1. With the cut-off at 23 Å, tell me which of the pairs A:23/B:124; A:101/B:92; B:95/B:148; A:25/B:153; A:43/B:95; B:95/B:131 have Cα atoms farther apart than that.
2. What is the sum of charges, Lys and Arg at +1 and Asp and Glu at -1, for the other residues whose Cβ falls under 14 Å from the Cβ of residue A:70?
3. Provide the percentage of antiparallel DSSP beta bridges, counting only those with both residues in the protein assembly as shown; round to the nearest 5.
4. Chains A and B: what accessible area do they bury, summed, in square angstrom to the nearest 100, with a 1.4 Å probe?
5. With both partners inside chain A, how many of the DSSP beta bridges are antiparallel, as a percent to the nearest 5?
6. Can you pull the mean other chain C-beta count within 10 Å for peptide A:16-25?
7. Can you list, bin by bin at 5 Å, the percent of alpha carbon pairs in region B:82-156, starting at 0?
8. Mind grabbing the base-10 log of I(q)/I(0) for region B:1-48 at q = 0.27, 0.31 Å⁻¹? Debye formula, identical points on the C-alpha positions, no solvent, two decimal places.
Amino acid sequence: MKNNRLIVACGSGVATSTTIAEKIKRMFENDNIDFPVEAVDYKSIMSELNNTSIYVYIAKPDDDVLQKAEELGIDVYAGVPFLTGMGADEIYTDILESIKKYKGE
Amino acid sequence: MFDINLVNLEYNHNNYTELYSDIANELNELGFVKPSFAQGLIDREVNFPTGLETEYLNVALPHSEIEFVNKPFIYIAKNEKELPILQMGDNKEIKVQYFFVLGITEPQNQVILLQLLIELFQDKEFMVSFKNLDTNESAYLNMVNKVKTLEEKHEE
């Protein structure tokens, strides 16, 4: 499977995306889910999308980014709820569904 | 990363540009950042907003690219008026009075502190008490004690 990866993108790949990526990694570990998670810089998002299956955004994605994600069949989720705690559980449940889909389960 | 000199609850600016410039000047004088930090913060806020609407309190997490920062820090600021700022993720306008300015030099190593900060934002007791603090010292001590408690919890 070539595209099995979740990316978290914020403006610089410095603070929030790293934090959220670590948080999602820990949640995966707790649930025994083996799926790579990486924090990336929004400025390189167009190339990062090429080998990604799930995209969690912190920086609001531009229309061309969303269009490319759709063309590539990438599932896109809001990452801010993982920072505020509001709505994070629902998004995490959806992410788990996406992973099942990508793993063909 | 917390420092009693890096807490100021007495700002009274009319917009975030003024506030960030003021905070950046102080940090520059204390040697934490380069003089270009102010512009780094403002550019970052324009391109990638840092406001966050949490359940108990709206906050912003202004930060810059790592090249403007000399040593890591968290600066806690309160502005008398609520200032309009855009929210991360959806660019919706929210009103923010509390700013946690982040000085990040090594993202991989400092992410733990950020995670603690995010836990704080979700802690009702802390957030509600934080709103009622009126001196820099009490805000500083409240923060440091809470972070210490969380760190101990994580070590268990």
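1. Pairs exceeding 23 Å: A:101/B:92; B:95/B:148; A:43/B:95.
2. Around residue A:70, the charge tally is -4.
3. 40 percent
4. 2000 Å²
5. Expressed as a percentage, antiparallel bridges in chain A total about 0.
6. Per residue, the number of nearby Cβ atoms from other chains is 5 on average.
7. Once binned at 5 Å, the Cα pair distances of region B:82-156 give 3, 12, 19, 23, 22, 14, 6, 1, 0.
8. -1.09, -1.19
The values are calculated or read from the model by the stated rules, or taken from the named source; none is laboratory data. Keep in mind that this is a model prediction, so the values were computed, not measured. Note: ideal-geometry Cβ built from the backbone for every residue, glycine included; neighbour counts use all protein chains shown. These area figures cover heavy atoms from the full protein model, side chains too; ligands, DNA and RNA do not enter into them. Shrake-Rupley method; radii C 1.70, N 1.55, O 1.52, S 1.80 Å.
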